[in-house]
1. So between residue 483 and residue 525, what do we pick up on full extension, going 0.36 nm a residue minus the alpha carbon distance?
2. So for the pair residue 74, residue 544, with labels modelled 7 Å out along Cα→Cβ, what separation do we get in nm?
3. Note the full-extension length gain between residue 425 and residue 216 as 0.36 nm times their separation in residues minus their Cα-Cα distance, in nm to one decimal.
4. What nm value, rounded to one decimal, do you get for the distance between residue 502 and residue 178 when each label is placed 7 Å out toward the C-beta?
5. Using a Förster distance of 35 angstrom, determine the FRET efficiency expected from the C-beta separation of residue 454 and residue 270, and round it to 0.05.
6. Quick one: grab the alpha carbon gyration tensor of the range 423-527, order the square roots of its eigenvalues as a ≥ b ≥ c, and give me rounded if a/c is under 1.5, else prolate or oblate depending on whether a/b is larger than b/c.
7. With a 10 Å Cβ neighbour count serving as the proxy for reagent exposure, in which order, fewest first, do 133, 113 appear?
8. Run the numbers for residue 387 and residue 206: contour at 0.36 nm per residue of separation, minus the present Cα-Cα distance, in nm.
């Protein structure tokens, strides 16, 4: 909850520009963001996931996967949206040895899909067994289950994804796992003199599923940061590594008391051409999206978490809420998602002259817009004049019409620092306290100048282009990207035939794969057949790296 003191006379309120240097919208990484817990609210797409956990949660880089993961594992989602009681949550995001203990191509060559699929199955089994041992010692059937598992003594210890060879030697038997319609089997390289019964992993999963079901619990396995791991390896191994996890998820998801959820970047999910029947998983897959009102609400919560803003400007926010409830905002009445629908209001209750705002529920679009315009220009003119909200939804969106929350945090953090620097260097003697003025009939403190917005936008565009360049990884892809960017950054349009493949030594298949990846990353969209349009956020020439 965000605590806000009441103010009596809004005419006496000033904005102190010296506070710009302290203004923060949070950290760029969800897991490390100190504002996440207080500013988190379930968007519409997150609410859909919480109602019925999906097997695949997709979003672009920085769009909220790890934030949702952390909200689930740290248990700060309001109970009206998610009841933790039926679940035993098993978080996995530190199991891959990111720094130096990760798979290498030498270990997994032609048969790597088989080995990786079985490795994933064993790894997830170990996590389930750990959960049962730690949390269900008094559960019905615990002793019987442990007796069955104890026959495989090695599963008592932590199994890492790269331990399969040693594990096979220690159990001296072959392992079988039927997953995603295929049968996988591995055996020790040393010949087994006394033939043992195969270790069938599906049977173990069935027993564990039965245990959870008997104890009226569902194991919710949350797998995050998989993209950090696979990006360290060659493309061929990345694909097999992801495919191995897909195989496991598709098999385990058949059980009714074990739900695996994989958090993955959208571009990685679709770019590997995995052997997955996408029509069969579409009802178990959800993409995290942000509606316009949710995007503005995100900014309000982040801005209002700054103690200076919270302390001084709550009177305005409360006033906008009161006006909306009284029907004074025409736009408010027209919105399908108004304050009385889908609980997207800003509720409060008075207690000893303080107002407590429930940050679990989004603000209405109009309230958010009016509040933000207290601090930011009513109109921004980069190439043409646009209202503040229209500018955000035009100049900060990618080719998929998506505005990345991480980009918003970065842009508004940079803007505050840029304006603070301009004030100190260009106007050192100016009074730091700004009075409120009326602009186009609305109250504003006229804090940010055109120069600061323009400089910040140019910097952010460069950083976003560098991010695309880095994500492409392949040297061929990066060379093609630099060529397209250099030739078309002003027009924002390029055609399929603009690139002469023989000049770059790439074949048609590689080029089309490159274009597909650019579209997945949001760099461009195919507006007409073989004609591609680049959004405004990427219309700048990439500086020399």
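Quick note: the coordinates plus some simple rules give every number you see, no bench work behind them. On a predicted model such as this, the values are computed, not experimentally measured, just so you know. Here the Cβ is made from the backbone with ideal geometry for all residues, glycine too, and neighbour counts use every protein chain on show.
1. Extending this stretch completely gives an extra 13.4 nm.
2. 4.3
3. Full extension of this stretch gives 68.8 nm more.
4. That separation, rounded to one decimal, is 5.4 nm.
5. Plugging the Cβ-Cβ distance into 1/(1 + (r/R0)^6) gives 0.50.
6. prolate
7. Ranking 133, 113 by Cβ neighbours within 10 Å, fewest first, gives 133, 113.
8. 59.4 nm
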